[in-house]
Amino acid sequence: MTEAEPRKECVKVADEGFTVLCDCPEPKADIVLIHGLQGHPKRTWLYEKPSKIPFGSKKETCYWPEELLPKDSPNCRILTYGYDSQVSHFFSGAANQTNILGHARNFVEEFEEQRRTATGRPLVFVAHSLGGLLVKAILRQASNTKPTSTAMRTIQDIYLSIIGTIFLGTPHRGSDYTDLGKTVALAVRALQFDRSTSLLRDLKVDASILDILNSDFLRLHKERDFAVVTFEEGQGLGIPFLAREKVVRSWSAHLGLPDDVEETYVINADHRKMCRFEGPSCPGYGKVKRAIGRCVQRARTYIVEAEFQRALDALHTAETSRRYRQVEAAYEDTYDWIFTDQNLGFARWLQSTDPLYWIRGKPASGKSTLMKLIVDDQRTVEAFDALAKGTSVAAITLTRITCRPTYFFHERGSRLQHTMGGMLREILHSLLDGIPELKPFFRDIYRSARASRPLKSPDVDFEWDEDVTMGLLRNILEQNRVDAAVLIFIDAIDEYSGTPGNYGPVIRFLQMIQRRSANSTFFVKICFSGRPEQIYLDHFSDVPGFYIQDYTRADILNVISSEVQAHPRMARTIQHGSEADQIAVSNLRDSLARLANGVFLWVRLVLEDLLNEYTDGASLQELNDHLNQVPPDLERYYDYILAKMSAKNIKPEYAKERETMLEILRAADGSLSLVQFFAALRLAPIRDLRSYHLALPGNLDEASRLLKSRCGSLLELQSNESTDKVTIALCPPDLRMAEYSVQFLHQSVKTWSTNRSPHRSTAENGHTHILKSIAYAAMVEAPEFDKQTSHEFVRRISLVEETTHRSSFWILCQAPAFYPNGWRFREYSGRTTSPSISKLAALAGAVLLLEESLQHEKLEDRMDFCLYCHWFQMLKEELEYNPQIASILLKGLPPNDVCRVWQSLLAVGNLNLTTGFESRAIAIAVNILWIAHCEGINPDTSFELSYESGPTTFLHEIAREEHRSYFAIPIVETVLCWGGEVNVVDGRSRTILDVALESLHNLLNAQSCRIFDADHLDIYIKRHHNLCVFLLDHGAKASGQPINGPTEEDVQLFNGYSQQSGLWFDVRLLNPPLLPQKQEGWLQRLLPKFGNFVLWHRHENDSSKQTDQQSTSGTHPTRDGSNSTPQARLSDSDLNDTTESVADSDVDDTAESTASSASQDTWTSTRDFGAEPIIEEPREQCSGSSLAGSVD
């Protein structure tokens, strides 16, 4: 609607209650307008222009919330609210009457009906004058509401959903209560006169409630960090009996918050007219529109409370605490020395400010059992609570909240059980559970992370990765609002599985705690255990602690005594045997404890073996002789177990199966489901998967016996406590088998197995066997794999090629029915795509598999370069860019297919600019250009795009793509370095700078058609401005054609967007340098008029030379009907020479001379369809004869 058009009434606005002025199917925000005292939900915002004709005509009006705002804030629901705003009731009366608090209560109750189906939708308030005070009261009312019912939760959601408040002429503060009361009274008087009523004679303002509202509002803003925009009036109000002055002074119209918190503006109108706008070009409306737009932008980072709570729930998983639950409790009367032995200093450390304590020990020496006892013992709780209350150490005097997070690393478990990400998640979950006051910090980091990594769908849980969790923990440690003391227990730091041998993340985490001051508000101590690896000794040798094996001799004796007495035959020997037998038992026990060297696992295994022999009839002397043959070293004992099994003459195939079992578990990086383990074992020797019938063990007992007979006690079964386990869709005969997994008995067993089987490249290995099991399940069951199994499948493809240096094509190609059946990899593809092996290869980064699969697949099924780049938009950090893969796929493009290369760059550029992946996307894009450069693709080559009417180039498209400005400058610089021309023109003869300037103008006026992320418009504007400046600095020029480039108004808009960053508009962009124009001759002036696209050039040739040329080459008809040889394209210098030679002659004479000599001269067409056009083609073409006639 233009300003001159009368408004067509669409919605009848109710005097009281809510009126929806604009709605849409899926609003991204609610915008609510609230008038002030004596106001009206329509008239307050309605502009009326008096008609020049006093009678018989309607006034021109503009109700901008309905007519203008829906166009400038699309996808938003816009409401206006009306209420009884009689002044006499607003500031006085009981709480149950219609004073300001009563109005707030009525608002939230009515708004609850509007929000029942829109809980969590971002909310923006726009309030005029004293309506701003009502907004503060509304937020105060909503924040104090307890979510005891559905309705109460919806009311509380008003406060939780607020993302912006915009105040127009609201009195926020005064020098004292009286001054603020006077300001409010003056505002009311102004509004009274607007209604043409008499002066107020009695107005009592309780300014104390205003002060409460202000202080509560500032507190709520600190909690929720919503946008605050305040407008002051620029003109005084001229009404009878009042001086012409501002109703709300400047210092009162603003809250006085820092500039980076509160946006302050001036509208050049008086108090009444500052909220009435005559049309879209009204400066005041422009400011309010942009303020609303910036508030709505925050909807992108707004936290939906339900999503946030779901994210908090996802923070905890049973896997992270599984190892703690698996560790067996200590035997009675063991480890008590940890609290009583003063030489250890552990009890003293619990009540000190020392941050770290390290329990060192050999493998399997009982560290985890001791850690579990310490965590559960009440003496630990009492000692640390005494420290937190300040009763033990003078340095800590405040009573603090206490919390004791616990995490046990478990290298044989799932990924969350042996990574920093799993540890941080468990610690943070415990902190949130024990200290609810920390929830705002979780909310802040979640909001920031969710803005940079939007959920792919509402059903996808937020990913608490290591970067997010470490950032959150740092924020909690550095804050000073929550006073707490935290004692963290971390077991088995040597089982952290980052890069092999790289314990850096664990070391940095411990050092971060070690460097913290004991007087910090958030006090943290860590007790950790682990093997004394040299790298840990280098960093923490001075940390208090002890070697556990030096103190466990008595505990080992207790364990041996308990087990011996629990054995039936041994118990009878002790009770009823001879004195010699009892002495033999005592010697056996002492020998076991001595040989154990503090290693509990060695005792357990050897004692179990001895007692089994005693059950089978061995004598005590034979047991002692056997014990003397047992290696005291744990890893040598594992060799002893295998040698003993071989001595029993087991079948040769058993030994081969044992090696395969160990190899599969080594490749599993933890435990493996029992079904998948046996599937991989059975498929290990199989090449033809299609004809093989898989036979799994018949029941759980059979599976257990198979493990025992092949590997003895080196492997064990564990029940699956969580769903964080990769499973395959094979149904075992015994359903109980699906509830168990297989793992090494101890981490030391895996270390031993790895050391005795050094890594070597073989045709097949454990990774190959596991990949076979997944492929076989897909072939037989044709499942829709879940996310975790899909990721595991891709990872196995990569590992097979990495460890065997061979392609896995022979495995994947055996399941043809599997690929067309719908495994669409929804996690990887943003669009429907037919599955193929080459796509799996690209995802896995498997170069050999990709090369082989491309040779066998149909063209329509192959992985292509554009799709590979598109996946980066979906996967972000999950997919590692592989230049080799990119190079192979780019070579598959048609020769010089610049269009596809450009589309690939766009796919990479689709990474959101706030994701934190900008540098990675730029690096990938530069690599793509480098590959294209090596393939001989010219960056200046023109290509066609579907939305363009003519040829374009790389640089033109980069200048056009406004939302990828962060992506543009490095690409432009790269193209220019590799021979690109900064002033190349496109099919419309426009330069790159022409396109860039038009795009900047579109951005400043929010008119760009291809901006997908309007929430960051101000960022795009500044970055695109920098691109234009970069082009100017590198010699770019405008073509001189009329373009829709920046204007003086755009300069003001730009400086408004950039006022806080200190970046100002480069005025060179208003009048950029132009390309040099060639001198225009008479022929150039005439041809556009006649619309001919053919240029003719006269050549002076003798007739004999023409005859010779015609006899040896093709001919071309001339104007007089003779034939001539086709000539080369007319060069710029030829054209200038030709036109300059006739420039000073009379046009008619020259034309006549030209016509008369036409029969003797040779004329040739110089149009080259593959080259840059000299003159734009007209729609209607004229023949050569018509041109000659016209010239004559």
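The values are calculated or read from the model by the stated rules, or taken from the named source; none is laboratory data. Keep in mind that this is a model prediction, so the values were computed, not measured. Note that each Cβ is placed from the backbone with ideal geometry, even for glycine, and that neighbours are counted across all protein chains shown.
A few points about this structure:
- Filtered residues of segment 266-289 (kept if touching a strand residue (DSSP E or B) at 6+ places or on another chain (Cβ under 9 Å) and either more than 25 Å from LYS49 (Cα to Cα) or basic (Lys, Arg) (or both)): ARG272, LYS273, ARG276, LYS287
- Only one entry of LEU33, LEU37, LEU79 meets the criterion of being modelled with pLDDT of 90 or more, closer than 26 Å to GLU113 by Cα, touching a helix residue (DSSP H, G or I) at 6+ places or on another chain (Cβ under 6 Å) and not in a helix (DSSP H, G or I), and that entry is LEU33.
- Taken together, LEU714, LEU735 contain a single residue that is within 42 Å of the chain's Cα centre (by Cα) and either at pLDDT below 90 or buried (at least 21 other Cβ atoms within 10 Å of the Cβ) (or both), which is LEU735.
- Criterion: in contact with a helix residue (DSSP H, G or I) (Cβ under 7 Å, 6 or more places away or on another chain) and small (Gly, Ala, Ser) - qualifying residue of GLY361, GLY434: GLY361
- Residue within segment 757-778 that is surrounded by fewer than 21 Cβ atoms within 10 Å (Cβ to Cβ) and modelled with pLDDT of 90 or more present: yes
- Test: ASP542 is among the acidic types (Asp, Glu) and surrounded by 18 or more Cβ atoms within 10 Å (Cβ to Cβ): no
- Residue match in segment 724-737 (condition: assigned to a loop (DSSP other than H, G, I, E, B), in contact with a Lys or Arg (Cβ under 7 Å, 6 or more places away or on another chain) and touching a residue at least 24 places away in the same chain (Cβ under 8 Å)): no
- Selection of segment 275-302 for residues being more than 23 Å from GLY120 (Cα to Cα) and either touching a Ser or Thr at 6+ places or on another chain (Cβ under 9 Å) or in a loop (DSSP other than H, G, I, E, B) (or both) yields CYS275, ARG276, PHE277, GLU278, GLY279, PRO280, SER281, CYS282, LYS289.
- Residue, nearest to LEU37 (Cα to Cα), within segment 106-158, restricted to residues that are over 31 Å from the mean Cα position of the chain (by Cα), touching a residue at least 40 places away in the same chain (Cβ under 8 Å) and not in a helix (DSSP H, G or I): LEU130
- Given (1) more than 40 Å from the chain's Cα centre (by Cα); (2) exposed (fewer than 15 other Cβ atoms within 10 Å of the Cβ); (3) touching a residue at least 24 places away in the same chain (Cβ under 8 Å), number of the condition ARG325 does not satisfy: (1)
- Residue match in segment 55-65 (condition: modelled with pLDDT under 95, hydroxyl-bearing (Ser, Thr, Tyr) and loosely packed, with under 14 Cβ neighbours inside 10 Å): yes
- Residue match in segment 254-264 (condition: crowded, with 17+ Cβ neighbours inside 10 Å, in contact with a Phe, Trp or Tyr (Cβ under 6 Å, 6 or more places away or on another chain) and either in the same structural domain as GLY131 (by TED's automatic domain parsing) or in contact (Cβ under 8 Å) with a residue 60 or more places away in the chain (or both)): no
- Residue in segment 1010-1029 that is farther than 21 Å from ILE292 by Cβ and modelled with pLDDT under 70 present: yes
- Meeting the requirement of 3 or more residues that are closer than 17 Å to TYR331 by Cβ, the helices (runs of 4 or more DSSP H) wholly within segment 557-642 are 579-596, 600-615.
- Restricting attention to segment 491-515, the residues that are at pLDDT below 90, in contact with a helix residue (DSSP H, G or I) (Cβ under 7 Å, 6 or more places away or on another chain) and either polar (S, T, N, Q) or assigned to a helix (DSSP H, G or I) (or both) add up to 0.
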